[in-house]
Amino acid sequence: MDIRAIGMGVLFAVMWASAFTSARMIVADAPPITALAIRFWISGGIGVGLALALGQTARLDRLQWRGTVIFGLCQNALYLGLNFVAMQTVQASLAAIIASTMPLVVAFSGWALMGEKTRPLGLAGLVAGVAGVALIMGSRLSGGADLYGVTLCIAGVVALAIATLSVRGASSGGNLLMIVGLQMLVGAAVLSVFAVLFETWDVTWSVQMIAAFIYTTLVPGLAATVVWFMLVNRIGAVRAATFHFLTPPFGVGIAALLLGESMGMIDAVGVAIIALGILAVQMSKVEAKAKSGCEVSAS
């Protein structure tokens with residue numbers, strides 16, 4: 001992994017983690033699904049417009065369209081939609097911690113449901129990750145965290161895991177910026193239906209809300225997605241997902257800095273355990289892939 005890839009991974013982790021804090025600011029003053037739908041109409045339109053200006057085309061192959069639709073539905077509509085609704089009652093730091101467990105969900109699904117072989121380091125990472133989550137959940141729930149909101153965040157993680165598995169199909173064959181814009185428009189279209197059916201336009205305008213909306217539209221919304229696709233294309237989905245281990249500390253730190261959310265000793269220990277668990281799982285996958293490649297070369 002070269003220096004540029006490491007820089008891209010860290011940058012993605014910071015932008016991704018900051019999205020929970022900016023989302024918390026938005027949903028405090030605006031209907032969550034409506035705000036998210038508007039965000040995706042804007043960021044998706046910008047992405048498609050820039051792609052057209054760069055000569056990219058919307059003529060995608062079947063695999064690209066399939067991946068684009070699945071990614072737009074699962075990440076943008078389901079994962080982010082559920083998280084925006086949840087963060088009306090759930091702290092940004094807790095939402096970030098839950099979302100960061102996505103690599104653990106993917107690894108566990110492969111091991112438990114698909115019969116994938118997992119190295120001892122990976123199994124240790126899974127155990128550590130589960131222990132860290134249990135530690136934080138026990139502390140937060142006993143401290144009054146909203147169970148309904150937490151359940152929505154967990155459902156969102158499952159949707160995010162499915163979206164992650166579709167990245168390869170969506171990002172293959174070029175037209176990267178066009179694909180990013182289109183998958184946002186897919187999410188916008190789905191969210192708009194739910195916004196019209198279940199929400200009313202009730203917005204408390206403030207400088208903080210407007211700034212947070214602009215930020216989340218351009219940085220976590222557009223820039224982070226582009227960086228993620230570029231990173232996956234550069235080093236592969238397995239290595240790219242390693243950087244998710246940075247999300248828990250960044251997410252908690254940014255929420256504490258900008259929102260004043262407190263973090264107790266149990267939270268700190270749990271975050272460290274989860275981060276190490278995610279890193280162990282991803283490093284195990286990298287080692288397994290490298291070993292497989294060596295065996296193929298030898299044969």
_I'm checking my understanding of the structure. Among residues of the range 247-261 that are crowded, with 24+ Cβ neighbours inside 10 Å and of a type in the set (Gly, Ala, Ser), which one is modelled with the lowest pLDDT?_
251
*In the range 262-299, how many are of a type outside the set (A, V, I, L, M), crowded, with 18+ Cβ neighbours inside 10 Å and either farther than 18 Å from residue 122 by Cα or modelled with pLDDT of 85 or more (or both)?*
3
*Please go through the range 44-68 and pick out each residue that is within 18 Å of the chain's Cα centre (by Cα) and either modelled with pLDDT of 90 or more or on the phi > 0 side of the Ramachandran plot (or both).*
44
_helices (runs of 4 or more DSSP H) contained in the range 219-289 and holding at least 2 residues closer than 23 Å to residue 140 by Cβ_ = 247-259
*With the checklist (1) modelled with pLDDT of 80 or more; (2) exposed (fewer than 15 other Cβ atoms within 10 Å of the Cβ); (3) over 20 Å from the mean Cα position of the chain (by Cα) in hand, flag the one item residue 195 doesn't pass.*
(2)
*Does residue 77 meet the test of being closer than 17 Å to residue 191 by Cβ, at pLDDT 95 or above and touching a Leu at 6+ places or on another chain (Cβ under 8 Å)?*
no
*Scanning for something part of a helix (DSSP H, G or I) and free of Cβ contacts under 8 Å to residues at least 12 places away in the same chain, does the range 89-108 turn up at least one residue?*
no
*Out of the range 212-229, which residues are more than 15 Å from the chain's Cα centre (by Cα), in contact (Cβ under 8 Å) with a residue 40 or more places away in the chain and over 16 Å from residue 50 (Cα atoms)?*
212, 213, 215
*Complete set of residues in the range 127-163 that are hydrophobic (A, V, I, L, M, F, W, C), buried (at least 19 other Cβ atoms within 10 Å of the Cβ) and more than 30 Å from residue 69 (Cα to Cα)*: 128, 133, 136
_Quick check on this structure: which one of 112, 99, 107 is under 17 Å from residue 224 (Cα atoms) and either surrounded by fewer than 24 Cβ atoms within 10 Å (Cβ to Cβ) or modelled with pLDDT under 90 (or both)?_
99
*Criterion violated by residue 208 - all others in (1) out of contact with any Ser or Thr (no Cβ under 7 Å at 6 or more places or on another chain); (2) under 19 Å from residue 69 (Cα atoms) satisfied*: (2)
*Looking only at the range 69-76, decide whether some residue is closer than 18 Å to residue 221 by Cα, among the polar types (S, T, N, Q) and more than 13 Å from the chain's Cα centre (by Cα).*
no
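The values are calculated or read from the model by the stated rules, or taken from the named source; none is laboratory data. Quick caveat, the model's predicted, so the values are computed rather than measured. Quick reminder, even Gly has a Cβ in these numbers, built from the backbone with ideal geometry, and neighbours come from all protein chains shown.
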